[in-house]
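To keep things clear, I will list the structure first and then write my remarks on it.
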Amino acid sequence: MAEVLVYVDHVDGAVRKPTLELLTLARRIGEPVAVHLGAGADAAAATLAEYGAVKVLTADAAEFADYLVAPKVDALEAAYKAVSPAAVLVPSSAEGKEIAARLAVRIGSGIITDAVDLEAGAEGPVATQSVFAASYSTKSRVTKGTPVITVKPNSAAPEAAPAAGTVEQLAVTVADASKGTKVVARTPRESTGRPELTEAAIVVSGGRGVNGAENFPLIEGLADSLGAAVGASRAAVDAGWYPHTNQVGQTGKSVSPQLYIAAGISGAIQHRAGMQTSKTIVAINKDAEAPIFELVDYGVVGDLFEVVPQLTEEIKTRKG
Amino acid sequence: MSLRIVVCVKYVPDATGDRHFAEDLTVDRDDVDGLLSELDEYAVEQALQIKDEADDAEITVLTVGPEDAKDALRKALSMGADKAVHVEDDDLHGTDALGTSLVLAKALEHVGYDLVVSGMASTDGGMGVVPAMLAERLGVPQVTLLSEVKVEDGKVTGRRDGDAASEQLEAALPAVVSVTDQSGEARYPSFKGIMAAKKKPVESLDLSDLGIEADEVGLENAWTKVDEATERPARTAGTIVKDEGEGGKQLAEFLAGQKFI
Ligand SMILES: Cc1cc2nc3c(=O)[nH]c(=O)nc-3n(C[C@H](O)[C@H](O)[C@H](O)COP(=O)(O)OP(=O)(O)OC[C@H]3O[C@@H](n4cnc5c(N)ncnc54)[C@H](O)[C@@H]3O)c2cc1C
Ligand SMILES: Nc1ncnc2c1ncn2[C@@H]1O[C@H](COP(=O)(O)O)[C@@H](O)[C@H]1O
C-alpha cells in the first residue's frame with residue numbers, strides 16, 4: 001500500500017491532537033509515515049504508532065529552532081525523497097501552511113490548504129474545503145505531482161489503529177539558503193490551562209458587548225464551567241480586552257467545535273468565516289436583529305450580563 | 001542606493017458581497033464588486049512607513065490579475081505608492097497559488113527589488129501561502145506574518161506572534177516580508193493622494209514579457225482542480241427566546257438536551 005507522509009505537530013514529543021486526526025485521515029489514502037522534527041521522538045512514537053503510523057522518521061537539529069520555517073522544509077523534503085509518498089499531509093497552522101507551500105514549490109506539486117475532510121478518489125485524494133466564509137463547500141484534487149494537503153483541526157475524530165511505529169533516523173542537511181531568517185529571541189506563550197482554541201470541543205467567545213477587559217472573567221467563567229476554550233471577536237481584541245491569539249475569524253483562528261457560544265458578538269462576515277462550521281451555535285445578544293441569530297441553533301435575546309452569570313450558575317448546579 | 005520596495009497586492013471580490021463561483025468553478029468576479037484586498041492595505045501601509053524611515057526608497061505596487069485589478073493598483077497609488085506594475089494576460093484566468101507565485105516571482109525579478117512586502121492572506125482564496133512560495137522561488141529569506149516590522153542597515157527585523165510563541169526575527173535584504181492586520185491601521189487616501197495617483201505610472205506586462213509560457217499557468221494547467229462547489233445549505237432556523245429573567249436557565253436546558261452538560 002502507498003505511504004502517506006504526516007507532518008507531526010508536537011511540543012517536545014507531546015503530540016498535538018490535530019496530528020492524530022491527520023493520521024486517521026491518512027489511513028483512508030494509504031499507510032501513514034510520521035515525520036517528527038525536533039526533540040522527543042521516542043516519546044511521540046508510542047502515540048503515533050497507536051494512531052496508525054507504520055514508521056516514524058525523525059531528525060533533530062538546532063537549525064529547526066534557530067531559523068524560520070525553511071530548515072523544516074529541508075527535512076520534509078528529505079522525508080519525501082526517502083519515501084516517495086502518495087500524499088503529504090500537514091496540519092493547517094500558520095507555520096504548517098508555509099512549510100507545505102514551500103515543499104509544494106520544491107517538488108513541483110499542487111497544494112490544497114485548510115481541508116476539512118479527505119477521502120480516497122479514483123484520481124488521488126479528494127479534499128473538502130469550506131470557502132467564502134463557509135458559504136460554499138468545495139471538493140478539490142491535486143492534478144500535478146504529489147498532493148500536498150494541509151488539514152484543519154477538528155476535521156476528523158482521531159481513531160486508534162495500532163501499527164509498528166518504528167523510529168528511523170532521517171538524514172537531513174540544512175542548506176545555507178535555509179538559514180536566511182534568524183530567530184533571535186523567542187517568548188513562549190503562557191499557558192492558560194484551558195484547551196487550545198482550535199482543538200477545543202467547546203468554544204465560548206466574547207465580543208464588543210463584553211464591554212471591557214475587566215468583564216472578560218465572565219466569559220472565562222462560563223468557559224471553565226464547560227471545560228471550553230475562550231475566543232474573542234476582533235472588536236474585543238482591537239480594544240485590548242483579550243489577546244490576539246484568541247481572536248476567532250478571518251484574521252484570527254478558524255474554529256470548528258461541537259459547540260460555539262457567542263456572547264455580545266454581532267456576527268460580521270469576517271467573524272463568521274472563523275466559526276460558521278461549528279456543529280452547534282448558540283448566541284447571546286441584546287439586539288434581536290444581530291446577524292449572528294441567522295446562524296444559531298439556539299439564541300437568547302438579552303443582556304449578557306444577566307444571561308451569562310445565570311447560565312454559568314445553572315451549569316455548575318447541574319454538574320453538581 | 002535607493003531601497004526598492006515592491007508590494008504585492010491582490011484585487012478580490014468584496015467579502016461583504018454575495019460571492020459565488022462561475023460556471024468553470026473559478027471565483028466569479030463579474031457579479032460582485034472588486035477591491036484591493038483589505039489585508040494588503042496593511043502591506044502598503046508598512047511599505048509607506050518603511051519608506052518614511054529610509055533615506056531614499058521607492059515603492060512599486062505589483063498585481064497579477066484581470067483588467068479591473070487596476071482599481072487595486074490605483075488605491076495603493078493613492079495611499080502613496082510611487083508606481084505600479086500590472087501583469088495581465090487572458091491566459092492567466094484560473095491560475096492557482098503555484099502559478100500565481102511563479103508569475104509574481106518572474107515579475108519581481110523583472111522589476112527589481114530589495115524588499116517584497118505582502119499581506120498575510122488574500123481575502124478570497126485566503127490560503128496565506130504566496131509569500132512563502134515567493135521566498136522559496138526567489139531564494140531569499142522569508143520573514144512572514146509580522147505584526148511589527150523595521151528595515152535598517154540592509155536588514156529587516158520584526159516580530160512574529162505565533163501560536164506557541166512570539167518570535168523576534170532578523171534577515172538580510174533582499175527578503176520577502178508579509179504583515180498581519182496587527183501591524184497597524186492602514187491610512188485612508190487623501191484627496192491630494194487620489195489626484196496624484198492619476199498621474200503615476202502603471203506599467204502593463206503580459207506573460208511573454210516575463211518569459212512565461214501559456215502552458216505554465218491558467219485553469220487548464222493549474223496544479224489543483226476544483227471538481228465540485230456546493231452552496232452550504234442555510235442553517236435551519238433555530239430557536240430564539242427573549243430573556244424574561246430565565247434566559248440563562250433556558251439556555252442551560254437546551255445545552256443539557258444536546259448533552260453538552
Ligand atoms: C480584513 C478584515 C478582517 C477581519 N477579521 C476579523 C476576525 O478575524 N474576527 C472578527 O471577529 N472580526 C474580524 N473583522 C471585524 C469584523 O468586521 C467586525 O468588525 C467584528 O467582528 C465585530 O466584533 P463584535 O461582533 O464583537 O462587535 P460589534 O459588531 O460591535 O457587535 C457587538 C454586539 O454586541 C451586542 N451587545 C452589546 N452589549 C451587549 C450586552 N450587554 N449583552 C448582549 N449583547 C450585547 C450588540 O448588540 C452587538 O450585536 C475583520 C474585518 C476586516 C475588514
Ligand atoms: N494575484 C496576486 N497579485 C499580487 N499579489 C498577490 C496575488 N495573490 C496573492 N498575492 C499576495 O500574497 C498574499 C497572500 O495571498 P494568498 O496566499 O493567496 O492568501 C496576498 O496578501 C498578496 O500580498
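Structure notes:
- By the compact-protein rule of thumb, 2.2 N^0.38 Å, the alpha-carbon radius of gyration of the range A:164-248 corresponds to a ratio of 1.60.
- Axial C-alpha extent at least 18 Å, average Kyte-Doolittle at least 1.0 - helices from chain B (DSSP): B:97-111
- The convex hull drawn around the Cα atoms of the protein assembly as shown, when projected onto a plane and averaged over every direction, covers 26.2 nm².
- Of the GluC sites (Glu not before Pro) found in the range B:182-261, the ones in coil according to DSSP and having at most 11 other Cβ atoms within 10 Å of their Cβ are B:E185, B:E213, B:E244.
- Peptide-level mean, for B:122-130, of C-beta atoms on other protein chains within 10 Å: 5
- A:V308 sits among other residues whose Cβ lies under 13 Å from its own Cβ, and their net charge, with Lys and Arg +1 and Asp and Glu -1, is -4.
- Placing dummy labels 7 Å off each Cα toward the beta-carbon, the span from B:D206 to A:A46 is 6.5 nm.
- Each distinct pair of alpha carbons in the range B:182-261 adds a 1/r term; the inverse of their mean, the Kirkwood radius, is 20.9 Å.
- Neighbourhood charge, 10 Å Cβ-Cβ cut-off, centred on A:T187 and excluding it, Lys, Arg +1 and Asp, Glu -1: 0
- Using alpha-carbon coordinates, inclination of helix A:304-319 to the longest axis of chain A, degrees: 70
- Neighbour counting of Cβ atoms within 10 Å sorts the residues A:M275, B:M79, B:M195, B:M127, fewest neighbours leading, into B:M195, B:M127, B:M79, A:M275.
- Largest to smallest principal axis extent of the C-alpha atoms in chain B, angstrom: 70, 42, 39
- Spatially near lysine pairs across the range A:52-208, Cα under 27 Å, sequence gap of 8 or more or different chains: 23
- Chain A: angle of helix A:70-83 to the longest principal axis, Cα-based, in degrees nearest 10: 60
- C-alpha long axis of helix A:17-26 to longest principal axis of chain A, angle in °: 50
- Sparsely packed GluC sites (Glu not before Pro) within the range B:1-68, loop by DSSP, other Cβ within 10 Å at most 16: B:E23
- Radius 15 Å from Cβ of B:D40, net charge of other residues (Lys, Arg +1; Asp, Glu -1): -3
- Based on DSSP H segments of at least four residues, each scored -39500 (n - 2.57), chain A has a per-residue ellipticity at 222 nm of -8000 deg cm²/dmol.
- Simple spin-label estimate for B:D82 and B:E67 gives 3.1 nm between the two label positions (7 Å along the Cα-to-Cβ direction from each Cα).
- Lysines whose Cα lies under 24 Å from that of B:K70, excluding same-chain neighbours fewer than 8 positions away: B:K10, B:K51, B:K83, B:K106, B:K192, B:K198, B:K199, B:K200
- Note on B:165-176: average number of Cβ atoms from other chains within 10 Å of each residue's Cβ is 5.
- Globularity index of the range A:201-299 is 0.92 (Cα radius of gyration / 2.2 N^0.38 Å, N = number of residues).
- Taking each residue as 0.36 nm, the span from B:A165 to B:D24 lengthens on full extension beyond its C-alpha to C-alpha distance by 46.6 nm.
- Per-residue shielding of A:111-117, expressed as the average number of other chain Cβ atoms within 10 Å of the residue Cβ, stands at 4.
- Where both bridge residues fall in the range A:3-178, DSSP classifies roughly 30% of the beta bridges as antiparallel.
- A Förster radius of 45 Å combined with the Cβ-Cβ distance from A:A171 to B:A214 puts the calculated FRET efficiency at roughly 0.65.
- When DSSP beta bridges are restricted to pairs lying wholly in chain A, around 20% turn out antiparallel.
- Straight-line reach from B:K249: taking Cα to Cα under 22 Å and skipping same-chain neighbours fewer than 8 places apart, the lysines in range are A:K279, A:K286, A:K316, A:K319, B:K259.
- Label-point separation in nm, A:R189 to B:F191, each point 7 Å along Cα→Cβ: 4.6
Read the figures in this text as sums done on the coordinates, not as results from a lab. Owing to the predicted nature of the structure, the values given are computational and were not obtained by experimental measurement. Cβ: placed from backbone, ideal geometry, glycine included. Neighbour counts: every protein chain shown.
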